[in-house]
Every structure is written in C-alpha cells, then in structure tokens.
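Derivation of every value follows stated rules applied to the coordinates shown; laboratory data play no part. Note that the coordinates shown come from a computational prediction; the quantities given were computed from them, not determined experimentally. Here the Cβ positions follow ideal geometry from the backbone for every residue, glycine too, while neighbour counts run over all protein chains shown.
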Amino acid sequence: MKKHLPKIAGLGAVALIGFAVVSFSLTNSKVSDCATITDRPCFDQQTGQKLLILNSKTGENSFSACWNSTSKGNRGESTLQTSVCVEEQYSYCTEGKSGVVLRNFSGSCGGVDQDSGFIVPPSCTISASPSSISAGTSATISWTTTNATSLFITNIGNISSVSSGSRTVSLLQTTTYTATVSSSDGSSNCSTTVTVNYPVPTISISANPSTILAEGNSTLTWSSTNATSCTASGSWSGFRETSGTETIYAAIATQAEAPAAIRTYTLTCTGQGGTNSKSATVTVNQANTVPVTVIFPNGGECIAGITQISWSSPTSTEVKYWDIGYSTNSGAYYKYAIWLHDPAGRSYNWASYDVDTKTDIDNSQVLLQIHARGAGFPNGTFLGTDWSDNFFQMHPTCPGGSAPVSPLNLVATPTTSSTGEQKVVLTWTDNSTDEVGFAVQKRIPGGNWEAPSVSPSGITYAGLQPSTTYEFRVRAGNRFGYSQVVTVTATTNSQ
C-alpha cells in the first residue's frame, strides 16, 4: 500500500529500507517544461548524480540526466527491477502539472511514494465588449487570472487587481490588448482586439442649372463628410477640396451626341472609412436657331492641296461668323481650320496646314464641322451646327485629276503706311487654269512657316516688324494636290 514518505529536520526526503534510514536530496525537483515529458514515467539509465546506492542493486539511477533528456529511448518504466529493494526516481506530467515522484520498492514491490510538488504556471483570459466599435466610442476590456502574482496589459499598463477586473477604453483606431501574467512558476499571456470602424464618406453634388445650351455654363456645388480628399473624373478631372463650388463650361455636343449631350461630373472622396463616389449630370442641348447643312466634302471624297468646302444655311442677321474645323480621329477632337468673318459666305477655299506639313496625310477618317456663331468673337453663341455625313480622305495627292502648275513672277514689295505700319505686298502671275487658289505662307528665315492663307491672286501682309527680313512661299492648289512651291524674301522698311 502507499504511504507518505516522512521528512526529518535538516534532511531531505527519506526512504525506509528494512530498519535503516537513508537520506538524500531531491535535486531538480520540478519539471520546467512539461512538453518534453510524455505521459509515461521518466527513467534514465545514463549514470549522472548518484542518489542512492544499495548493495543488492544491479544498476545506478541518475534522475538529472533523465530530467534534461528529450530522447524517447530514455523515457519509460524502469527495467532494473530486482527481487530486492530498488530505489527509483522519475518525473511525470499529469493534467498540465509537473512533478517528481520518489518510490522505494521492496520485496513484493510494496513501498512508499512521495510527491515532491507541482509547478502550476499562471493563466489568463481577456475579452472586449463590444469587440467592434465606431471611432470615438467605448469598449470594456475584462480579464481573469489564476495562479498569477502580477499582471501587465499592453495599452493599459500594470494592473493592481490581478485576479480579475475591467477597464473602459475610448478608441480612434483598432487596438490589441495583450495580458501577461507572471508568478514564481512562470508566465503566460492572452490577448483580445477591439476593431474600430470609421464611417464611409458621404457626398452631395449638384449642378445648377442642369440643362444648358452648348458652351453655356453651370455651377457645380458639392460637400462631403468623413472625407480627407476628393478627386474629379468624367467630364472634369483633378484633385478637389472636400467641399466647394465650380463653374463649368459645357462643350458643344459632338456629332455622335447631337442633338444633346449628357456631361457627367463624378466626385470620388476617400476617408478612413473607405471611398465613395457620386455624380451630377448636365444636359447640353445643341442650338439650332440657324440650320446648317454641309455640302462638300460630305463623305467619300478625297481631298489634297486646296479644296473648296461649301455649306448651305438660310440668311440670318444673327450669324456673325463661321467656325470651321475638321477631325482626323473619327470626331473625337476637331482642329481649327478657319474663322470665316463673312456672314453671307457659304464656301471657303481651304488649305489645311496639317496637310501642308504632312502630319495628317493618308488619313481616311476625316470629318468636317461647321458652326454658325453669333456676336462675341471668339466665343460667339452657337446658332447651328452640321458635320459631314460620312468620312472623307486627306492625302498628299488624290486620283481623278492633277495638281496645278506653279505661279510665275512672285514679287515681294515692302511698303509703309501713312501711320508707319510696315507691310509687304505679294504679287504673282497665275500660270494654271485649274487651281482653286494659292496657298501663301511667311516666316522669318530659319523659323517655322505660319499656317497658310488662301488667296486668288495676291496678298498683303501688314503689321510686320521694321527692318526685318521675311521669307514668303506660294503654291497653287486644287483638291488633287499642290504645285511646286516658289519663294521670295523681302526686308521691311525702317521706321
């Protein structure tokens, strides 16, 4: 049967063998890491410290070597049992506790047992209620511990109420609380997290008025909450303040959009709670006070050099000039051709600068656009618009005819007006019968040529710098191409 091994003052544990009393010390009497011990007793046959030697014993037991061993071959029941008394010492782990047992076997294996004591590491639990809150609101952190003598919680500090307690916290960001408990038998930790949620930004945006005529204006007004930055997209772009107003000018509807276009102004705002977007729309109605109809080129034609473009429109005293442009990218963008300040005009001999410099040559997706515009150049009111019905082509030369021959006798004559204005008068002799007009350009030698002007017989350049040399060039053109160029230079008079 089991008995408790007695203790004698000044001695360690004692074993009773027959009528003799043998004393010894229990070294390494606590297990430091239960994870290295199996659920079987530990017994090491490697001899280290001699705890007890009996004459009838066939082996010596070393507990210290067994204590530090992680080899399974060094763990297990003793194989050194004899018919006489054998002293054994081994470690064990049970229910998370660690300890040492000293056993004294004799004869029929009756004997005495003694536990040297248990290591009981401290433990803890910690929780947050609620575990998810809105920014600036509160949560309660609660904890309980066992076998602990001290408690420290990150983001709170040292805690005096070790066994249990709570603390109310107000947070602006997600925070983790880790509790560390300690005692003479070790330490452990536990943790909980409070998730802080920020509201998603809200946006209000409006356009006033929401319906306008082409190139009219509207005022955008917007505001937001819970946002730190905003970005514009759609029919406007770039960074914007989180609230504000802005006047927008709506471009005229394109051919694909006519007779009205919807312009969308989107504002996207971002804050700690995420991102949100909202839009306002402006309807741009195409003005049609004065109907305009493109006649030539209206689709399918090939033009090169100088081409007479033509259109029809009823007579109107409201029309002050014609705004003519062309697109080489299927109508996505229209380039300037001419502002024709002739309200009665219904045609123009056009020499495209881009064709002339050959940046748009061999383009088969060209469209013509003609606006009738009212008073207020260059931002006169749109009165009416038309486009060529289909694509036409622009090339250096076109089939179906030939380019004209060059002009002769190009002369540049400097003159000075009665007000001192410097001018150069260009004249030449027409040497062909099939030209539409003459493309005339000027530059200061070494500089870039200006966009061509078209003249039927001669041209005067006014407003020139005194005592300055200019270079001029002239070529005849029709819709099939240009003639060879002729050039001349002239130096203006001094003041």
Determine by what factor the alpha-carbon radius of gyration of the range 408-491 differs from 2.2 N^0.38 Å, reporting the quotient.
1.11
For the peptides 124-136, 362-374, what is the packing order when you average, over each peptide's residues, the other Cβ atoms within 10 Å and list the highest mean first?
362-374, 124-136
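How much length would be gained if the chain were fully extended between S455 and N155, taking 0.36 nm per residue of separation minus their Cα-Cα distance, in nm to one decimal? Mind dumping the intermediate values first?
Numbers: separation 300, 0.36 × 300 = 108.00 nm, distance 8.52 nm.
Extra length from S455 to N155 when fully extended: 99.5 nm.
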Ranked from fewest to most other Cβ atoms within 10 Å of their own Cβ, W143, W449 fall in the order W449, W143
Cα gyration tensor category, rounded, prolate or oblate, for the range 309-466 with a/c compared to 1.5:
oblate
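What's the FRET efficiency of A135 with S364 using the Cβ-Cβ distance as r and R₀ = 56 Å, to the nearest 0.05?
Here the calculated transfer efficiency is 0.40.
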Can you give the extra length, in nm with one decimal, that the chain gains between K335 and T193 once fully stretched, where that is 0.36 nm per residue apart less the Cα-Cα distance?
44.9 nm
